[in-house]
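Engineer: Got a structure here, written out as structure tokens. Questions coming.
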Ligand code: ADP
Ligand code: ZN
């Protein structure tokens, strides 16, 4: 007898109801459709392929292959499936060759419902030959590609092995495929569809909102003290994660927290595997541990009661920030995402991009993404609205972020914004092509450079109209214009600036552009209130 999806949910997993779009996804994939599933962390992606896998196995379609980059996650999932009485197994480097052989034989005999494997494993000739034989016998049921953003170099966690997964579509036509991820902006999303040949797949995009997370971004002064105060005031005894950029800083901060009487542990890729494992286990099992870590920590860690995630350094982009902060409050109870940012962070990140061996095109995209994050950090309005807008979702002020709760002091950047916008417009009109931010700044501030001379841009009526603003101020205004969507940056064309429909409202004075006081005048920073 075959069970309905709802019965599988209930009888196998013990849940009463599907959550959000799960049911629609399960039905679509269960019936053999391709799917792209974008769902925030904790949203319940696993069931989206596990239930179709079980139902399709019962209906005689055979084995589902789950592609996952994380060994720890494979182990957890297979363990949980066994407890639920589902036949599952994994193939990865932790198995001896004899154990791996046993798993392969069971898979070939169709005795496994869900087989988890790392991408580099899936694309070996040996494994493909086994898939071939299952395909020929009609016992290859479904491919689920987890953490699908790893296929995109624009994502924050590019893994070249994912690229080779194109083979699945070419070699096994008709076998349904689904790609799942918790983070993908437009660029990454498009890349996933193209690289995995899922253009015709149905997309299931959940809201990315995590209403129980309160976002706070403070300006760095003495960030260690700021962090200590934040934890002492709001998170005494809570489990949390503190992200730092370097291994050394991880060690230093962990020590500082311990000295301050906190139960803190360091975690980074430079530590001995055993130590890392112990620290991770303690974080998961004990209560109230603060893990101080580089971004090597966190993927696949499913701890429901992480009460705060703090960033002492700015991440590379909004996807990274969102993914890392998303580890807070998976249990749905209130949690906080706290970040200290300083302009120096941006300078460092920019330097890392500039000095990386990547192509110029790639660097341009990375700079654009960094700017978007900076726009979020500098925003004076609702953080959540900004964050969701980045993932293509519109929303209203949340009442639960720092800016909503304590509106910051702002200065009116509307005048500067209009000067920038009209200059972009005039340059475009005069030269018929677009330029980047640097050249725009030079014109607005009235600097005669070679490029200005070459294009005769000193003759523009707006040349020098913004001379009383500093470049820093103008850049801040420009970032806000970009964050508001009034200006777009064409990453494929040397980051040239283009006006959008929204620019009109700013030009007409219908929409104001406000900036945080501190951003506008970094030299005369007032001594501020609490972080
Ligand atoms: P994701 O992979 O999207 O981060 P998971 O698949 O790990 O999320 O699910 C997050 C948690 O939610 C898990 O503990 C899971 O058992 C639980 N969960 C998922 N779907 C449901 C549901 N329909 N009802 C109740 N709990 C669910
Ligand atoms: Zn808000």
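Engineer: If I stretch the segment between residue 137 and residue 490 completely, what's the gain in nm (0.36 nm per residue apart, minus their alpha carbon distance), one decimal?
Structural biologist: The span from residue 137 to residue 490 would gain 122.2 nm if fully extended.
Engineer: Take the alpha carbon atoms of the range 187-257, find their center, do the same for the range 377-432, and report the distance between the two centers in whole angstrom.
Structural biologist: The distance from the Cα centre of the range 187-257 to that of the range 377-432 comes to 22 Å.
Engineer: Helix-derived [θ] at 222 nm for the chain: sum -39500 (n - 2.57) over DSSP H runs of at least 4, divide by residue count, nearest 500?
Structural biologist: Taking each H run of at least 4 residues, the total per residue is -12500 deg cm²/dmol.
Engineer: Next up: Multiply the residue gap between residue 409 and residue 334 by 0.36 nm, knock off their C-alpha separation, and tell me the result in nm, one decimal place.
Structural biologist: 24.3 nm
Engineer: Each label point is 7 Å from the Cα along the Cα-to-Cβ direction; what then is the distance between the points at residue 72 and residue 194, in nm?
Structural biologist: Calculated label separation equals 3.3 nm.
Engineer: At a 10 angstrom cut-off on C-beta neighbours, averaged per residue, how do the peptides 208-215, 468-475 rank from highest to lowest?
Structural biologist: The packing order, highest mean first, is 208-215, 468-475.
Engineer: Follow-up question, since we're still on this one. Going 7 Å from the Cα of residue 93 in the Cα-to-Cβ direction, what parts of the range 55-72 have a backbone nitrogen less than 14 Å from that spot?
Structural biologist: Flagged as within label range: 69-72.
Engineer: Using packing as a proxy for protection, rank 381-394, 357-370 so that the peptide with the highest average count of other Cβ atoms within 10 Å comes first.
Structural biologist: Most protected by this proxy first, the peptides run 381-394, 357-370.
Engineer: Residue 111 to residue 252: FRET efficiency via 1/(1 + (r/R0)^6), r the Cβ-Cβ distance, R0 35 Å, to the nearest 0.05?
Structural biologist: 0.10
Engineer: Kirkwood Rh over Cα pairs of the range 1-148 into Stokes-Einstein at 25 °C, 0.890 mPa s: D in µm²/s?
Structural biologist: Using the Kirkwood radius from Cα pairs, D works out to 158 µm²/s.
Engineer: Next up: Determine how many Å³ per residue the convex hull of the Cα atoms of the range 318-428 encloses.
Structural biologist: Taking only Cα atoms, the range 318-428 has a hull volume of 158 Å³ per residue.
Engineer: Taking a point 7 angstrom from the Cα of residue 58 along the C-beta vector, which residues in the range 20-37 have backbone N less than 15 Å away?
Structural biologist: 26-27, 30-31
Engineer: Taking Cα pairs under 8 Å and at least six residues apart, what relative contact order does the range 341-466 come out at, in percent?
Structural biologist: Reported relative contact order: 15 percent.
Engineer: Please work out the FRET efficiency for the pair residue 396 and residue 359, using the Cβ-Cβ distance as r and a Förster radius of 35 Å; give the result to the nearest 0.05.
Structural biologist: Step by step, r from the Cβ atoms, then E = 0.30.
Engineer: In nm, to one decimal, how far is the modelled label at residue 433 from the one at residue 285, with both set 7 Å along Cα→Cβ?
Structural biologist: That separation, rounded to one decimal, is 6.4 nm.
Engineer: For the residues 346, 178, what sequence is obtained by ranking on other C-beta atoms within 10 Å, fewest first?
Structural biologist: The order, fewest Cβ neighbours first, is 346, 178.
Engineer: As a footprinting exposure proxy, order 451, 508, 45, 316 by other Cβ within 10 Å, with the fewest listed first.
Structural biologist: 508, 451, 316, 45
Engineer: Order these by the 10 Å Cβ neighbour count, fewest first: 440, 180.
Structural biologist: By the 10 Å Cβ count, ascending: 440, 180.
Engineer: Viscosity 1.567 mPa s, temperature 4 °C: Stokes-Einstein D of the chain from its Kirkwood Cα radius, in µm² per second?
Structural biologist: Answer, rounded: 51 µm²/s.
Engineer: Still on this model: R0 = 51 Å: FRET efficiency of residue 459 with residue 84, Cβ-based, nearest 0.05?
Structural biologist: 0.10
Engineer: With each pseudo-label sitting 7 Å past Cα toward Cβ, what's the residue 128-residue 171 distance in nm, one decimal?
Structural biologist: Going by the 7 Å Cα→Cβ label model, 0.5 nm.
Rule-based calculations on the coordinates, nothing more; no lab input. Being a predicted model, the structure only gives us computed values, none of them experimental. Using ideal geometry, Cβ is built from the backbone for each residue, glycine included, and neighbour counts are taken over all protein chains shown.
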